[in-house]
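Here is the structure we will look at.
Laboratory data are not the source of any read-out in this text; all were calculated from the coordinates shown. Worth saying up front: this structure is predicted, and the values here are computed from it rather than measured. So basically every Cβ, Gly included, is an ideal-geometry build from the backbone, and we count neighbours across all protein chains shown.
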Amino acid sequence: MSSAILSPKITNLPSNKMLSAVAPAFGRVLIAAIFLLSGISKLTAPDMTIGYIQAVGLPLPVIAYGAAVFVEIVGGVALIVGFQTRLVALTLAGFTLITAVAFHANLGDQNQFFHFFKNIAMAGGLLQVLAFGAGPFSIDGQRR
């Protein structure tokens, strides 16, 4: 069998500068959406969220609640506008991994299994943002 069949070259795809400029911004918005929605939902049901934090046995549930709301909303907005994007992406990736372990570690439960690996995938996307930055359509990109 030809090695070209086993390993096709994809490096010859046409380069599109507009796509390279727009895709990071669009990707940041898509990743940030889940954090913003989650933060806002926590604001609308603080007692339920604090109770859930208590139920999994985390210490200082009221403080954990406030920290989670802050990280999700401020981090989500900062990711969308591309402000301190690499630091924000690292923070959100860490937050996402911690929440996977703290809240979704019962991998025998199919729902928890799904949420655990959703969080792992989100952290992977955030690490891509960490590695490659915000792109030109961002506050970070305008400051260069």
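A few remarks follow.
- Convex hull of alpha carbon positions in the chain: directionally averaged projected area 12.0 nm².
- Region 101-144 - Rg (one decimal) and Dmax (whole number), Cα, Å: 15.6, 48
- Length gained on full extension, Ile63 to Ile34: 8.3 nm, using 0.36 nm per residue less the C-alpha separation.
- Listed by Cβ neighbour count within 10 Å, with the fewest neighbours leading, Arg86, Arg143, Arg28 appear as Arg143, Arg86, Arg28.
- Shown for Tyr52, Tyr65: other C-beta atoms within 10 Å of each C-beta, ranked fewest to most, produce the order Tyr52, Tyr65.
- Axial C-alpha extent at least 15 Å, average Kyte-Doolittle at least 1.0 - helices from the chain (DSSP): 17-44, 61-81, 85-103
- Taking 0.36 nm per residue of sequence separation and removing the Cα-Cα distance, the Phe83/Phe113 pair yields an extension gain of 7.6 nm.
- Between Val22 and Leu90, the contour length at 0.36 nm per residue exceeds the alpha carbon distance by 22.3 nm.
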